[in-house]
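Trainee: This structure is in structure tokens; I'll ask about it shortly.
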Amino acid sequence: MFQSSQPVHGDAFHDRASELARLEAFVAALRAGAARWIALIGPRKIGKTSLIVELSRRATDVAVIAVDTQEVAQPSLEVFRLCALRTVDRLLAGALPRSLEIAVASQDDVDGVLDATPGFAALPERVRSTIRALGRAEMTDDFARLCLDLPERLAEALERRVVIAIDEFQELATTGKRADPLPLVRSTWQRHKRVGYVVSGSGRTMLEELVARKHSPFFQHFDLMYVGPFAEADAIELLVAECPPGRRIPAALARRVVAAIGGHPFYLQLVGETLTAGDPPYDEADVKDALQRVLFSRMGRLALYLQLVYERAVGRSAYLAGALDALADGPARVTDVSKRLGASSGDTARYLERLGDLVRRTDDGRYQLDDPVLGLWLRWRRPGGSAVPMGLIGDAAEKEVATHLARLGFELVYQARASRGAFDLLALRGTTTLALQVKRSALPLRFERAAWQRMAADADRFGWRWVVAAVDPDDGAVRFLDPGAVRRGKEIRVGDAAVIEHVLEWLT
């Protein structure tokens with residue numbers, strides 16, 4: 001089943017064979033007494049958490065503890081208290097009468113919980129006192145050091161191995177404390193033998209600098225592992241394999257989806273959910289409708305996600321917005337972007353730098369968007385951009401017609417699948433809806449009477465004006481044809497006499 005709102009594991013886990021192999025080698029080294037550190041780097045929702053969840057499922061003899069720096073009110077040393085609490089809950093799970101994390105959060109009697117825990121009194125005094133302090137001690141540098149050290153001491157006392165996974169780790173560099181907490185973290189972790197550390201984050205540049213910059217306290221301590229979109233074959237497999245029972249997406253349609261939006265697993269999950277929400281069998285029209293609902297719609301789930309990404313990066317800066325829009329058309333040099341902005345090359349370079357991980361520099365010195373789907377969304381948002389979906393997932397004739405109408409001020413959408421309609425496109429302008437049947441053919445066009453009557457009935461039922469759009473196969477010229485100026489017989493013939501010279505005048 002498609003899962004877009006939570007990490008996946010088990011049978012729902014796809015691809016990532018090489019990444020899992022590295023993580024399993026990391027765990028094997030930990031078992032052998034050689035604790036290592038790994039940094040997982042990748043954009044949001046790419047599957048970093050799913051990797052940790054799947055590792056936990058597979059490495060059953062190792063306690064995997066996962067925390068996110070954003071689980072505390074603001075990134076702070078409190079994340080280490082949270083990490084310590086979860087370690088205690090996991091390693092003493094069979095003995096604790098209730099979760100210590102919950103007891104602390106609800107300000108319950110922590111000492112009472114611990115006193116009722118079999119085996120707690122047998123732990124080393126240092127371990128016991130640190131655990132008791134988790135519910136009442138103020139978070140200072142000294143207490144943070146005790147929290148950081150507790151997983152190792154408890155694992156040593158219980159002869160266990162532990163993996164600590166901290167997501168959005170780069171946020172610890174912005175805790176606002178008087179002193180940088182990272183040297184404290186490194187100096188504590190580097191003495192541990194029974195605990196391995198996996199840090200991850202969506203801030204690629206910041207995390208890279210944090211773990212690989214020469215003057216960083218973590219320089220050469222972490223192995224870097226990049227997590228990116230699925231390869232084509234794996235992306236297709238996800239779409240086909242995760243369909244609900246009786247709602248299979250054919251491989252050919254899955255390939256069309258991947259060709260349109262790439263292999264980002266979150267994006268694929270969203271499209272898969274939307275596509276299989278309808279009844280099978282599925283065809284090209286269903287794929288168009290699903291992509292339109294998810295991405296090319298103001299309230300589409302992927303569109304809303306990209307809107308949030310965009311707003312976080314741009315804020316109120318027209319220059320940052322302009323720089324992103326300039327890159328939506330493809331890689332560009334600083335000078336090309338600066339011309340679009342009307343700004344100096346120096347200022348433009350700084351704008352591009354401020355966009356952070358949304359852009360990356362190519363080997364030839366140009367800049368490009370890190371996520372091509374963001375580029376699609378940005379182009380769709382432009383005036384006249386409603387023709388973008390037709391260029392991406394429509395046929396050549398639909399693209400020509402959509403581009404022509406977009407220049408006239410229409411917004412273009414595919415007719416909703418739920419209506420089971422007879423038209424290919426709907427063109428919206430103000431309160432007017434113009435339905436279109438698109439044909440790539442020279443005039444005259446021929447229609448069976450039943451097909452023609454269905455179009456007329458649909459238009460009448462929804463209160464739409466409608467036309468036939470003919471795209472010349474030789475020169476690509478677009479002609480709009482009046483359904484009221486056709487020849488009727490055994491079939492419907494639409495010729496030169498039906499050509500509408502000015503479609504906007506015809507609509508008034």
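The values are calculated or read from the model by the stated rules, or taken from the named source; none is laboratory data. The structure displayed is predicted, hence computed values, not measured ones. Virtual Cβ from ideal backbone geometry, glycine too; neighbours counted across all protein chains shown.
Trainee: Within region 102-123, does at least one residue satisfy the condition of being in contact with an Asp or Glu (Cβ under 9 Å, 6 or more places away or on another chain), within 18 Å of residue 67 (Cα to Cα) and touching a residue at least 12 places away in the same chain (Cβ under 8 Å)?
Mentor: Taking every residue of region 102-123 in turn, at least one turns out to be in contact with an Asp or Glu (Cβ under 9 Å, 6 or more places away or on another chain), within 18 Å of residue 67 (Cα to Cα) and touching a residue at least 12 places away in the same chain (Cβ under 8 Å).
Trainee: Out of the residues in region 420-468 that are part of a loop (DSSP other than H, G, I, E, B) and among the aromatic types (Phe, Trp, Tyr), which is farthest from residue 290 (Cα to Cα)?
Mentor: Of all residues in region 420-468, those part of a loop (DSSP other than H, G, I, E, B) come to 420-424, 430-431, 441-444, 463-464.
Checking which are among the aromatic types (Phe, Trp, Tyr) leaves us with 423, 464.
Values: 423: 17, 464: 23 Å.
Filtering region 420-468 for residues that are part of a loop (DSSP other than H, G, I, E, B) and among the aromatic types (Phe, Trp, Tyr), the one farthest from residue 290 (Cα to Cα) comes out as 464.
Trainee: Can I ask one more? Out of 185, 240, 211, 199, which single residue is among the β-branched types (Val, Ile, Thr), at negative phi and either in the same structural domain as residue 353 (by TED's automatic domain parsing) or not in a helix (DSSP H, G or I) (or both)? Please lay out each step first, then the result.
Mentor: Values: 185 fails: either in the same structural domain as residue 353 (by TED's automatic domain parsing) or not in a helix (DSSP H, G or I) (or both); 240 fails: either in the same structural domain as residue 353 (by TED's automatic domain parsing) or not in a helix (DSSP H, G or I) (or both); 211 fails: either in the same structural domain as residue 353 (by TED's automatic domain parsing) or not in a helix (DSSP H, G or I) (or both).
Answer to the check: 199.
Trainee: Have a look at 85, 100, 123 and point out the one that is surrounded by 13 or more Cβ atoms within 10 Å (Cβ to Cβ) and more than 19 Å from residue 139 (Cβ to Cβ). Can you show your working first?
Mentor: Values: 85 fails: more than 19 Å from residue 139 (Cβ to Cβ); 100 fails: more than 19 Å from residue 139 (Cβ to Cβ).
On inspection, the qualifying residue turns out to be 123.
Trainee: OK, next. Among the candidates 388, 413, which residue alone is within 29 Å of the chain's Cα centre (by Cα), part of a strand (DSSP E or B) and crowded, with 16+ Cβ neighbours inside 10 Å?
Mentor: That would be 413, the only listed residue that is within 29 Å of the chain's Cα centre (by Cα), part of a strand (DSSP E or B) and crowded, with 16+ Cβ neighbours inside 10 Å.
Trainee: From the list 328, 343, 313, which one is surrounded by 13 or more Cβ atoms within 10 Å (Cβ to Cβ), without any contact (Cβ under 8 Å) to a residue 40 or more places away in the chain and not β-branched (Val, Ile, Thr)?
Mentor: Working: 328 fails: without any contact (Cβ under 8 Å) to a residue 40 or more places away in the chain; 313 fails: without any contact (Cβ under 8 Å) to a residue 40 or more places away in the chain.
Answer to the selection: 343.
Trainee: Picking from 239, 150, which residue would you name as being over 28 Å from residue 18 (Cβ atoms), surrounded by 17 or more Cβ atoms within 10 Å (Cβ to Cβ) and out of contact with any Asp or Glu (no Cβ under 8 Å at 6 or more places or on another chain)?
Mentor: On the way: 239 fails: over 28 Å from residue 18 (Cβ atoms).
Residue meeting the stated conditions: 150.
Trainee: What pairs come up if the first residue lies in region 271-297 and is β-branched (Val, Ile, Thr), the second is not in a helix (DSSP H, G or I), and their beta carbons are under 6 Å apart, counting only those six or more places apart or on different chains?
Mentor: Within 6 Å, the pairs are 276/243; 276/244; 276/247; 294/300.
Trainee: Checking residue 262 against (1) crowded, with 19+ Cβ neighbours inside 10 Å; (2) more than 19 Å from residue 385 (Cβ to Cβ), which single condition isn't satisfied?
Mentor: All conditions are met except number (1).
Trainee: Kindly provide the set of residues from region 278-322 that are part of a helix (DSSP H, G or I), under 30 Å from residue 423 (Cβ atoms) and of a type in the set (Ser, Thr, Tyr), ordered by number.
Mentor: Here is the first cut: in region 278-322, the residues part of a helix (DSSP H, G or I) are 284-294, 301-314, 318-322.
With under 30 Å from residue 423 (Cβ atoms) added as a condition, the list becomes 284-294, 301-307.
Scanning region 278-322 gives a single hit, 305.
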